[in-house]
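Worksheet: one structure, shown below.
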2 protein chains.
Amino acid sequence: MNLAEQGLLLEQQLCFDVYAASRAINKAYRPLLEALGLTYPQYLVMLVLWQHEAQTVKQLGEQLQLDSGTLSPLLKRLESAGFLQRQRRASDEREVEIQLTEAGRALRQQASNVPASIFQALGLNASDYFELKRLLHQVMASVEANSPD
Amino acid sequence: MNLAEQGLLLEQQLCFDVYAASRAINKAYRPLLEALGLTYPQYLVMLVLWQHEAQTVKQLGEQLQLDSGTLSPLLKRLESAGFLQRQRRASDEREVEIQLTEAGRALRQQASNVPASIFQALGLNASDYFELKRLLHQVMASVEANSPD
DNA sequence: GGCAATTATATTGTGTGCAATTCAATTTGT
DNA sequence: ACAAATTGAATTGCACACAATATAATTGCC
């Protein structure tokens, strides 16, 4: 087997590991978030809103790297679940502002143990945790330099 | 802000980094694979088949950690694209055997430069590459120990 | 041999992701 | 001021993911 062919082996593919790890992590969140009535992407949106309540769709999209094609239906589901409200901003009617409801705010308390549970499930010590974070950031920076948004 | 609340900050979430990196990598593959007529999950299936031509759906699913709900329609699309054929195995009619077509086999040559292109786009030196791989494997092993298949 | 449990795949339903398009509101250039 | 360009969301269309269910074939057990 020559060098080019060796690159085509699944077990050599770092990218597959990232892809598989992402799905495995999602699976670990599922039972925890099900108790809150959230999916993992919905939980990420709530994280952003818990940090700063009023956000436009665009601002959410920038932080989560998701576009309106993903966020619009997701936000509608969160709205019909009663966790937030969407309304056109008066100062610029193109923008839709997302506001937490009381139920959405209250959910934060119920979610407060999720990060620790997940951290434990990851099985990493602090130094590996930060090393993994560093390497992922490096990969994202490189990849996005080649294929910009 | 107390400790529990600090866990709920997006920028502290390693899991978000894995999720975002996975999508960023997918985006990097897209233009390369578009030239071959493949999506990234389809490319992964082809990688497995290039290594070992005859596989059942179950065997593919084990290697890629994907179930029949994902693989069945994906394999049908690869079949109608002319890259493979699906047929019930005579010895056990519950199993569906996947066979590459000549076009599917030929695609391997066209894909041979993909791994090197992607490796370059990742911007990692060899030692970071293997370190990232090690950490991801560790995470997957831990996570799957808690939420088994 | 026959029937219950198991196995392999397919189907259904829900929820992302994302490219491409559409539409309305705003900003810009003159 | 006003037409053209830009912007922010929503919509459409397609392709995953995955839980839950259905179906058909096989295996085990008596």
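The values are calculated or read from the model by the stated rules, or taken from the named source; none is laboratory data. Given the structure is predicted, the values throughout are model-derived calculations rather than measurements. No Cβ is skipped: glycine too gets one built from the backbone with ideal geometry, and neighbour counts run over all protein chains shown.
Structural remarks
- Residue check for B:Leu135: farther than 16 Å from A:Ala20 by Cα and among the aliphatic types (A, V, I, L, M): no
- Positions within the stretch A:89-113 being within 9 Å of DNA strand C (Cβ to nearest atom), exposed (fewer than 11 other Cβ atoms within 10 Å of the Cβ) and not small (Gly, Ala, Ser), in sequence order: A:Asp92, A:Glu93, A:Arg94
- Residues of the stretch B:49-63 satisfying the condition of being within 13 Å of DNA strand D (Cβ to nearest atom) and of a type in the set (A, V, I, L, M): B:Val57, B:Leu60
- A:Ser68, sole failed condition from (1) polar (S, T, N, Q); (2) under 18 Å from A:Ala35 (Cα atoms); (3) within 13 Å of DNA strand D (Cβ to nearest atom): (2)
- Subset of the stretch B:89-102 [more than 9 Å from DNA strand D (Cβ to nearest atom) and outside any helix (DSSP H, G or I)]: B:Val96, B:Glu97, B:Ile98, B:Gln99, B:Leu100, B:Thr101
- Flag for A:Lys58 being modelled with pLDDT of 95 or more and at the interface with chain B (Cβ under 9 Å from one of its Cβ atoms): no
- Selection status of B:Gly123, touching a helix residue (DSSP H, G or I) at 6+ places or on another chain (Cβ under 9 Å) and farther than 25 Å from B:Gln65 by Cα: yes
- When A:Leu74, A:Leu33, A:Leu107 are checked against the criterion of being more than 10 Å from every other protein chain (Cβ to nearest Cβ), touching a residue at least 12 places away in the same chain (Cβ under 8 Å) and within 11 Å of DNA strand D (Cβ to nearest atom), A:Leu74 stands alone in meeting it.
- Within the stretch A:37-47, the set of residues being over 12 Å from A:Gly104 (Cα atoms) and within 10 Å of chain B (Cβ to nearest Cβ) comprises A:Tyr40, A:Pro41, A:Leu44.
- Total residues in the stretch B:110-148, condition at the interface with chain A (Cβ under 7 Å from one of its Cβ atoms) and hydroxyl-bearing (Ser, Thr, Tyr): 4
- Only one of the listed residues (A:Leu8, A:Leu36, A:Leu49, A:Leu75) is outside the structural domain of A:Leu122 (by TED's automatic domain parsing) and within 11 Å of DNA strand C (Cβ to nearest atom). That residue is A:Leu75.
- Residues located in the stretch A:46-63, provided they are assigned to a helix (DSSP H, G or I) and without any contact (Cβ under 8 Å) to a residue 40 or more places away in the chain: A:Leu47, A:Val48, A:Gln51, A:Lys58, A:Gln59, A:Leu60, A:Gly61, A:Glu62, A:Gln63
- Of all the listed residues (B:Arg105, B:Arg86), the sole one being in a strand (DSSP E or B) and over 25 Å from A:Ile25 (Cα atoms) is B:Arg86.
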